[in-house]
Amino acid sequence: QVQLVESGGGLVQPGGSLRLSCASSRSISSALAMGWYRQAPGKQRELVAAITGSSTNYADSVKDRFTISRDNAKNTVTLQMNSLKAEDTAVYYCKLAFWGDAYWGQGTQVTVSS
């Protein structure tokens with residue numbers, strides 16, 4: 001069983017930044033894909049950013065503000081979030097996909113409010 005532990009969430013003012021990290025108990029070097037998702041109250045979970053191989057993709061709503069990256073040596077996936085807006089408020093989840101299995105973290109709350 002793979003465990004993913006997210007950290008870095010919290011309360012930030014509009015325009016501020018947060019850095020989310022997802023630490024994996026399994027080496028991520030063999031992961032097929034890794035991503036960050038979010039779910040706001042009353043809304044469906046949505047993909048925010050993902051890495052597949054050497055390619056990255058982002059939701060239109062976060063392009064040019066968020067950056068996803070991986071550190072194979074530390075088995076972590078990071079989401080740098082800049083210029084945060086109130087509409088970015090949600091629980092953020094990381095997901096790692098390996099051949100035949102996919103795993104989710106427990107989520108970390110991000111609240112953007114003045």
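The values are calculated or read from the model by the stated rules, or taken from the named source; none is laboratory data. Computed from a predicted structure; not experimentally measured. Note: ideal-geometry Cβ built from the backbone for every residue, glycine included; neighbour counts use all protein chains shown. Ligands, DNA and RNA are excluded from the accessible area calculation, which covers all protein heavy atoms including side chains. Shrake-Rupley method; radii C 1.70, N 1.55, O 1.52, S 1.80 Å.
Here are a few things to note about the model shown:
- Contacts under 6 angstrom Cβ, first residue in segment 46-75 being in a strand (DSSP E or B), partner open to solvent by less than 50 Å² (accessible area, probe 1.4 Å) and charged (D, E, K, R), 6 or more apart: 48/38
- Taken over segment 45-65, the criterion of being within 17 Å of residue 111 (Cα to Cα) and open to solvent by 70 Å² or more (accessible area, probe 1.4 Å) is satisfied by 45, 46.
- Subset of segment 24-44 that is farther than 21 Å from residue 72 by Cα and either outside any loop (DSSP other than H, G, I, E, B) or not small (Gly, Ala, Ser) (or both) - its residue that is most open to solvent (accessible area, probe 1.4 Å): 44
- Selected residue (criterion: most open to solvent (accessible area, probe 1.4 Å)) from residues of segment 66-106 that are more than 29 Å from residue 13 (Cβ to Cβ), among the aliphatic types (A, V, I, L, M) and more than 13 Å from the chain's Cα centre (by Cα): 73
- Number of the condition not met by residue 21 [criteria: (1) part of a strand (DSSP E or B); (2) of a type in the set (Ser, Thr, Tyr); (3) on the phi > 0 side of the Ramachandran plot]: (3)
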